[in-house]
1. If you split all Cα-Cα distances of region 228-379 into 10 Å bins from zero, what percentages do you get per bin, shortest first?
2. Quick one: Karplus J couplings for region 26-35, per residue in order, coefficients 6.51, -1.76, 1.60, θ = phi - 60°, nearest Hz, x for Gly and Pro?
3. For region 641-694, give the percent of accessible area contributed by carbon and sulfur heavy atoms, probe 1.4 Å, rounded to a whole number.
4. If you stretched the chain out fully between residue 626 and residue 308, how much longer would it get, using 0.36 nm times the residue separation minus the C-alpha to C-alpha distance?
5. Treat every Asp and Glu Cβ in the chain as -1 and every Lys and Arg Cβ as +1, leave all other atoms uncharged, and give the resulting dipole magnitude about the Cα centre to the nearest 20 debye.
6. How many percent of DSSP beta bridges within region 357-434 run antiparallel, rounded to 5?
7. Leaving out ligands, DNA and RNA, and with a 1.4 Å probe, what % of the accessible surface on region 1-144 is carbon or sulfur?
8. Calculate how large, on average over all directions, the projected area of the Cα convex hull of the chain is; give the answer in nm² to one decimal.
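The values are calculated or read from the model by the stated rules, or taken from the named source; none is laboratory data. As the structure is a prediction and not an experimental result, all values here were calculated from the model. Quick reminder, even Gly has a Cβ in these numbers, built from the backbone with ideal geometry, and neighbours come from all protein chains shown. Remember, those area values only see protein heavy atoms, side chains included, never the ligands or the DNA or RNA. Shrake-Rupley method; radii C 1.70, N 1.55, O 1.52, S 1.80 Å.
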Amino acid sequence: MSSEEIKITGVVEEVTFQNDSNGFTVLDISVDNDYLTAVGVMPGVTAGESVTLTGTYTIHPSFGRQFKVTAFSRCMPETTEQIYKYLASGVIRGIGPKKAMSIVEFFGSDTLSVLENDPEQLASIKGISLEQAKNIGEEFTRQYAMRAVMMGLEKYGFSPSECIRIFKKLGIQAVQKVEENPYCLCSSGLGISFERAESIESKLDKKPLPDFRIAEGILHVMRYNSTNRGHTCIPREKLLKPCADLLEITQDEIDIAIDKLVSTARLKSDCIDGKDFVFLPSAFLAEKKIAERMAIIANFPPPGAPQLAEWIDNIEAKNDIKYDDQQRIAIATAAKKGLLVLTGGPGTGKTTAIKGIINIFEKQNLDIALAAPTGRAAKRMSEVTGMEAKTIHRLLEVEWDEDDRPVFRRNMSNPLDCSALILDELSMIDIHLFSSLLEALPLGCRLILVGDSDQLPPVGAGNVLQDLILSDVLPVVCLSRIFRQAMESKIITNAHKIVNGENPDLTNDGKDFFHMERPSATLTAQTVTELCCERLPRAYKWDAFSDIQVICPSKKGETGTQNLNLLLQNALNPAHKTKPEINIAGKVFRVGDKVMQVKNNYNIEWKSPTDKGNGIFNGDIGILTSIDTQSSLVTVNFDGKVAEIPGEYLSELELAYAITVHKSQGSEFKAVIIPAIGVVPNLAYRNLLYTAVTRAKDMLVTVGSAQMLEVMTQNDRKAKRYSALSHFLKVDI
């Protein structure tokens, strides 16, 4: 079929499917005595309407010839036959086919005018009371208003689905509200950026009050610092200049505007150590809730266990192990206090300590739940403990609201069914998710928090693990001894060297850590490709897709993920006439590709042989198994969870032959290859290298410049994250 867009005009005969949330519609339309099926975003379209559709003809493998709609316009039905179809379709609540016939027979071609201007006249018809007539008029006005809103907003560049969301959020006065203050869209959960609101303002004949732009500009800077830099708060003095630069006004004007935002509760302010900090309300509430819940757990420890020492001795004897002093303290603290922050690097015995804690909790007849922030981390936790571990989202039974924000069924009024929770990879968890988790803990539930404080902080806002440790008011055990068996691994010994600021040992005399010096980025990229595609699979019988992972400090450059993904895709999964492929915003995906989901999406359904659910999350890696090029639908197998991803969400997928260090958090791979040459200064730092190294289980290969690895090791720069959790914990505990 031709891909050239055309326009067709016809009358809607029947709407067979319509998604009220996003406007996706399947309908039958008659065009010049020909019937055809049209699919696309056409919110509110009903039978009997005349519509003009823009799009292309396609062939669906199951449903045959269709018209794929990219844009549409409509006009209200004109003939009595069209008006009857329109009303009989059920679009107006209170009117079915029988009433529709009575109304059209009574008012004829004036029917819609009566509904709009004088609906009380409907009471003249037998079977329609005056109250029913008024209700029908109100419903027609609402339907007509949505059409008017869509027409009014489309000129500002909003898509039909965006128009629906704006109408649902702002109501029938949506166009008026947007034209009075386009910045109202930014804080309404609609995903409209500050820059886009500015572009809408530029198209308005009458400019909105400057206070609207100033207020939203400050909130934009706060949101940017939360989303992109992980801050939960900003010192007020440091907020003034960036806001003044953005809005091109004085810092004094910004200072006054901040006071107004605080007085109207759109921002929160608190004094910490004599300095004024400004928060987004959601971040302030999350950190306060965490501190309050942790205080309850800390101040109400569980009943004592007088036979605890004997239990620990028995566990050692039964498992033929000997805990070191810190492991023993960790196990005892978990049992006595019911709260523990357990931290330590690789090879220091965290897993052994966790197993010991589980054994003690089992002796206490506790219902134990295990959780981690990602699917891969949960899977690894299950493998090392022999118990089921869930992602936090699954544990909390995530659902989503109309703005696609997570809502958890497990909460304070519906707590979790466990009396002990062990949570791994705490360094990855932001304040909002951790707050939701604590809210769902039943009273008296033991809480064991495990993580490596030297790894990268979470992608989201906050620095939970570091703040819990720095508060110095919670029971923290840091495992530091590297066990003899772990000492045999150069991955582990070099990881500890790096975190201690010592240059890693790059002599190739071990079994699991190798360095391959290369003088240029081009040769480095070539070597990485050879290792992944040929040398490691041939030498160790590893699968290039599931066992080997390239982890890069950066996305850009010859050794960044973007270039390496293209090289590896061409080498491991080259184009072939038997492999369907699809181009999304310049990125080519084909059947067989290794891909990653890069944004939490709670709408995508998945199925496995034993389960089903909703939600594919940032960092999930899978294999693309099929592509329907006509409907832009792809199927991805995410570690046994098979998900069908429609075209509107394909921008959330990336090739995953090579991934960034940040995206690798919480994962572990048999073999990791790290290209290390020409790393830009803002990414050449110690805990980024340490995090990458600790993703490797059986083998690590660094390729590039030994000097670059030394530069990263010596750079202990950590991006400053402003947060208040440590302060709140000290106040509450």
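1. Per 10 Å bin, starting at zero, the Cα-Cα P(r) for region 228-379 comes out as 9, 26, 22, 16, 16, 9, 3, 0 percent.
2. Result, ordered by residue: 10, 9, 9, 10, 9, 10, 6, 6, 10, 9 Hz.
3. On the way: 790 of 1530 Å².
Ligands and nucleic acids excluded, carbon and sulfur reach 51 percent.
4. Working: separation 318, 0.36 × 318 = 114.48 nm, distance 5.50 nm.
Net length gain for the segment: 109.0 nm.
5. On the way: 81 positive and 93 negative charges, 311 e Å.
Using Cβ point charges on Lys, Arg, Asp and Glu, the chain gives about 1500 debye.
6. Details: 4 of 11 bridges.
Beta bridges within region 357-434, antiparallel portion: roughly 35 percent.
7. Values: 3700 of 7500 Å².
Using a 1.4 Å probe with all protein chains present, region 1-144 comes out at 49 percent carbon and sulfur.
8. Working: hull surface 152.6 nm².
Taking a quarter of the hull surface, the average projection is 38.1 nm².
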